[in-house]
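The structure appears right after this line, and notes come after that.
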Amino acid sequence: MRSICFYFQVHQPFRLRTYRFFDIGSNHHYFDDYANRTILRKVADKCYLPTNQTMLDLINEYGSAFKISYSLSGTVIDQFEMYAPDVLDSFIRLADTGCVEFIAETYAHSLSALKSKEEFTSQVNAQVKKIQHHFGQTPKTFRNTELIYSDGIGSMVADMGFKTMITEGAKHVLGWKSPNFMYCNAINPKLKLLLKNFQLSDDIAFRFSQRSWSEWPLTTEKYVNWLNQVDSKQEVINLFMDYETFGEHQWADSGIFEFLRALPQRVYTNSNYSFKTPSEVSELLQPVSPIQVPTPISWADEERDLTAWLGNELQDEAFYRLYEFEEKVKCCKDEQILKDWKYLQTSDHFYYMCTKWFSDGDVHKYFNPYNTPYEAFINYMNALSDFIIRIEDACKPASVIPQNFNKEVEQKTISTENKLVVPKKKPIPVRKNATISKLSPKRPLKAEKKVLIKENQIVRKKSEPIVKAKKPINKAKIGNTVTDNKATIDKIDKLALKPLKTIQKPSIKTKKPLVSKTKTIAKAKKPVSKVKSDEVAVDNLTKDNSIKKVKVKSNPLKTVNNIEAKTKKPLIRKPKTVLKANTATKKEKTVKVIAKPIKVNKNIGEKAEIATAKKKTKKAKKQKIIKEKKEK
């Protein structure tokens, strides 16, 4: 006799509340308690309670002839304990009949098998303990989240001690083979595989109330005829589906409950099938061949792959970001953080980020509480960001005090008459060039150094204009003027000949005009002012031939070099006006440029003397200030 294996998945996630950016770091509550409670109560009233009662009635009617199996995730059991204890009691009553097998899976209905073997095994063990606690069974069969399977995952499940695993009978994996046989894992043949017959399963789960379907309405008579059309050599029909199919996905007014109640009777009367649990089928049948599944498969969508959870950049970013902090979470002992860690791994969070809009778009929209997958991603990443902050705060290395700490302190601090002898400090290193007197304290020395530096700076600043004043640059210009007193002109020429020798002749070839280093020559735009200034200097020298009076050259600087005083830019020499004291030809040229001599005003000489007197008084005052600072 051939077998029908009924398996139902029962799962509800802890849905996230609207977690905004400004909640990060301040609010650590991520889950929407109201939504989780109301949705669970709604599904319980529409699906769990009436379907459990129907199954219990069928078991009471047919006894051990009618057998079914369930896998309950740890998250849905937690919600039953919190919001719907009556539903948990109804499952316990089914377990007490002995006709129901409970299958192991991951606690959080997570994708941990794809990322972390250690996290995967810990979640499976936690879910097994939940099953043992509530239903008194130790699961022998394993079912991974969303029937995800590969050769590597199957090998891990076999190492955990499970004998049977159920998965999807995907076309691209089976090829010409039928899902109605027992297969085994390619790496570890001890693990037997039961494959879902997706066509007959989806006829009930998705197409039952679809009026556009050519076979609608589906009746038990029609369905059993399809079962009888299966080749008699094929041994088992695996009907795997969500438990929410009854009452939630397929509403009660569609006739789904009536179909479920009438199906066992039609099977017994019109076929040679019997209902068995996965572990019973595993004991009866032997694998016909291993099945090669190098890349993971699932029961979702037409592709039967992982694209429903890891099919775009949003999902990949959230998934890999979550598992980056696995090691830190393991070091953490905060129970609330460990609890949130499990609930954030639930595959539904990544399912909501799916961007498929074609063949399976309606299915994804039905299960998605968000308007768009981008909203789901932003909301999840906000909660994850706060979770990461909590992990980093909880895993900061605490200051560990060594055992011998007190002894070391006692040795370092020697107590003498209730006084602590503090060890001497190391001497502060002194620079080699620094000279410190023993008698004077440190702070006054620093002040003295600063004063000396300031004084040097002041002397340098004051010495610069004095040096400039000593240069007999403008005396050469006096030689260019036309005066009647020959004796004074000869004295001025003697003083001015040496600096004129240092003047270099500018090269006419250069594009850029050369700048005179000694600033001896000014532009002859206004020759009248030059003549006045030079004649004043000559009168001063004729009255008193002393050297001091010759220094009155600073007054002509104010009159002659007004252009230099106003603009800091150096004056440019023109090659035609360059003078040399040795050549008489160029003197003639300069005389041609100069206009007619103008009579000198005697009042101008008196003003120059007053200016020099004022400068001398200013210099004397500054020198007094410098001496006073040095004395201090």
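Remark: region 204-214, residue by residue, has Karplus-estimated 3J(HN,Hα) of 8, 6, 10, 9, 4, 9, 7, 6, 6, 6, 5 Hz, where x stands for each Gly or Pro and the curve is 6.51 cos²θ - 1.76 cosθ + 1.60 at θ = phi - 60°.
For the pairs LYS115/LYS192; LYS177/LYS356; LYS42/LYS130; LYS129/LYS196; LYS117/LYS328, note any where the Cα-Cα span goes beyond 20 Å.
On the way: LYS115/LYS192 23 Å; LYS177/LYS356 29 Å; LYS42/LYS130 24 Å; LYS129/LYS196 27 Å; LYS117/LYS328 16 Å.
Checking Cα-Cα distances, LYS115/LYS192; LYS177/LYS356; LYS42/LYS130; LYS129/LYS196 exceed 20 Å.
For GLU101, the residues 5 or more places off, or on other chains, whose built amide H falls under 5 Å of its own are ILE68, SER69, TYR70.
With the highest mean first, a sort of the peptides 309-318, 147-156, 261-270 on other beta-carbon atoms found within 10 angstrom per residue produces 147-156, 309-318, 261-270. For GLU168, the amide hydrogen comes within under 5 Å of the amide hydrogens of LYS196, counting only partners 5 or more places away or on other chains and with H modelled in the peptide plane. Applied to region 278-288, the Karplus parametrisation 6.51 cos²θ - 1.76 cosθ + 1.60 on θ = phi - 60° returns per-residue 3J(HN,Hα) values of x, 5, 5, 5, 5, 6, 7, 10, 10, x, 7 Hz, with x for Gly and Pro. Using bins of 5 Å that start at zero, the share of Cα-Cα pairs per bin across region 206-313 amounts to 2, 9, 14, 17, 19, 17, 13, 7, 2, 0, 0, in whole %. For the listed peptides 294-302, 178-186, 16-24, a ranking on the average number of other beta carbons within 10 Å per residue, highest first, reads 178-186, 294-302, 16-24. Taking the average, over residues, of other Cβ atoms within 10 Å as the packing measure, peptides 67-80, 27-40, 615-628 rank 67-80, 27-40, 615-628 from highest down.
Read the figures in this text as sums done on the coordinates, not as results from a lab. As the structure is a prediction and not an experimental result, all values here were calculated from the model. All Cβ positions, glycine included, derive from the backbone under ideal geometry; neighbour counts span all protein chains shown.
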